[in-house]
Amino acid sequence: MYIKTFRMEEKKFDPKQLIGYVLIAGLVTWMWMNNAPNPEEKQQEVTKTEEVVKNNHTDKTATEIVAQDNFSANAIPDSIALANLNSKLGLFAYGASLPSATNAVTEISNDVLELKFSNKGGYLKEVKLKDFKTHDQKPLYLVKDDNASLNIKLTTTDNRILNTKDLYFQPTISKNGKNQVFSMRLKVSETKFLEYRYEIKPDDYMVDFTIKSQGLSDVINTSNGVDLDWNLKARVNEKSLTYENQNTAIHYLDDGDLECLGLSEGDDTAENISWIGFKQHFFSSILLADTTFKKIAVKQDNYIERDTVDAEFLKGFELQTQLAVSGGEIIQNMSWYYGPNDYKILKNYENLGLEKNVNLGWGIFGWINKFLFIPVFSFLSINLGASLGYGLIIILMTIVVRIFMSPLVYKSYLSSAKMKVIRPEMEKINAKYPDKKDAMKRQQETMKMQRESGVNMMAGCIPAVLQMPIFFALFRFFPSEIGLRQKSFLWAEDLSAYDEVLKLPFNVPFYGDHVSLFPIFASVAIFFYMRMTQSQQANMQAPVQEGMPDMQKMMKYMLYFSPLMMLVFFNNYASGLSLYYFVSNLLTITIMLAIKKFFIDEEKILAKINENKKKPKKANKFQRKMQQMMEEAEKQQKAKKK
């Protein structure tokens, strides 16, 4: 345990212009200007605004909205000023007269967190994750330099509106077993106060947090609810502004389902929410309710645009909700999570659904990641990570996946070989029925010939379809796996970021201002893989019929379009993902060459087909249904001609 108390000068931001960002699909957001008071404004006299509220009778009473940067009596030595402070704060002037009414900061640490609490506002001044660094190897802070605030708007019974972020709390430290308990009290007397209670556990990113009042039922008016505001500007932690910003958004759990506010700007309201997370790519700040937040309003601002090359913040997050009140007193049990988006860590907090904050893909893609790739990657990392390195683990994992998928590759290639053998007969049928009016008859003859030969066109498509979930699951797994963060391999310094080998003096739209090498290798590999499979795909296609599109010509365009899209799209993506696709395509090419050389014999396939033709074939239920449908369609076509 490390506890330290010291004074910190109050910091204020200079006015800054924060710019938004564009997604790969080309969405552009607008600019937002954030202004903060300058030091000269601190010396000015407090401004007062009168608002009119109606009481239970028909009389009108003025409610003073009190907004002051410094309510400390320690900064106001003369009695006249103290009296003036008392007239502004009412009973809450008591807390401003205590010795704790300064900008002092208390530091408390556990094994993974270093927290600093400010007397002013009673909230966190800094949150440092001790086991992590930023992309440029600086300490990683989620809260620092006033980028976050927590505020309760208090309406007093003597018609004042006070903001707790402007008032001074009194800190105390105690122990609860092995846990450190840090209390911040906003006092109106020694026995009446508003308390923020933080309980910090050893080696845990979760901090228990309770807001409660004692003896304030006749001091604050809770009849219209008590509003809580939590704001945070997401700090830049990763190498790629674009990619980190793309993975930064407000998440919240609504009745067990994860909701995301979106990738750009927006706002939303919801009811009965379990937790709200200000999520970044690899780290999150999450506020959890002991039961639920009855109603929330969230807002998200975007600060990164297409041409932004350097920034301090990615997005601005805002949460508004109401605290639970009982008998005129505030009592709200909550928790803070400040930590990594590590699926295993979040999953250990049972029945909270925090692991849903990690984007592993929806539906079957998420299931594949949860029950296949995360366990496999964890096993390899624990047993081989230190000795092999994570680049070789990705290669080893790729080999395991391709070996597992090789039977599907074999089935697809075998079906292609069968279609190649019977293609001359299909061309004869096409020549026999060349007219468009004979299309139905031509299709019936083709299906009959395939059935007699024991060939099924769908047999080649099904293996390819079955491989698609693996492709999309890994597309989500590698960018979300925090275990790859800042792990190097060859020239790639960070497998969770792009592997820049050349910095460009200009920015290429959608591509970026750098050249990544692994996407180039992956694009070349997929080009040769697609070129190799073109003949296989051509065999799977029926001969071109009149009035039908030429699929072979479209496939030729895809041969160049797909590698180009990968080259552009993956230039800003995780290099670990590009490494996987590069190795995966090389292995697939190798497997296909081996199948062609050692396992496929077209003469034997032709002999088998000829043997099948001699055997009586009975159509299955699906084939009979298709045959009936085509015959019915042919009858209707003939009827129209009459």
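The values are calculated or read from the model by the stated rules, or taken from the named source; none is laboratory data. Here the structure is a predicted model, which is why all the values come from computation and not from measurement. FYI the Cβ positions are ideal-geometry reconstructions off the backbone, even for glycines, and counts take in every protein chain you see. All accessible areas refer to the heavy atoms of the entire protein, side chains included, with ligands and DNA or RNA removed. Shrake-Rupley method; radii C 1.70, N 1.55, O 1.52, S 1.80 Å.
Numbers for the structure displayed
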{"item": "FRET efficiency for Phe510 and Asp257, using Cβ-Cβ distance with R0 set to 35 Å, rounded to 0.05", "result": "0.60"}
{"item": "Spin-label model distance (nm) - Glu312 vs Leu388, 7 Å beyond Cα toward Cβ", "result": "4.4 nm"}
{"item": "Accessible-area value, Lys420, 1.4 Å probe, nucleic acids and ligands omitted, Å²", "result": "90 Å²"}
{"item": "Inter-label distance, nm, simple model (7 Å from Cα along the C-beta direction), Lys448/Lys295", "result": "7.1 nm"}
{"item": "Loop-located trypsin sites (Lys or Arg not before Pro) in the stretch 483-531 whose Cβ has at most 16 other Cβ within 10 Å (DSSP)", "result": "none"}
{"item": "Segment Ser174-Glu427, extension gain: residue separation times 0.36 nm, minus the distance between their alpha carbons", "result": "82.4 nm"}
{"item": "Neighbour net charge for Ile520 - beta-carbon separation under 15 angstrom, K R +1, D E -1", "result": "-2"}
{"item": "Positive minus negative residues near Phe373 (Lys, Arg vs Asp, Glu; Cβ under 15 Å)", "result": "+2"}
{"item": "Accessible surface ranking that places the most exposed of Glu350, Glu355, Glu190, Glu425 first, with a 1.4 angstrom probe", "result": "Glu350, Glu190, Glu425, Glu355"}
{"item": "Label-to-label distance, nm, for residues given as Lys347 and Asp111 (7 Å Cα→Cβ offset)", "result": "2.0 nm"}
{"item": "Per-residue SASA entry for Lys128, accessible area with 1.4 Å probe, Å² rounded to 10", "result": "50 Å²"}
{"item": "Förster radius 45 Å - calculated FRET efficiency between Lys441 and Phe598, Cβ distance, rounded to 0.05", "result": "0.65"}
{"item": "Full-extension gain in nm, Val465 to Ala607, via 0.36 nm per residue minus C-alpha separation", "result": "48.2 nm"}
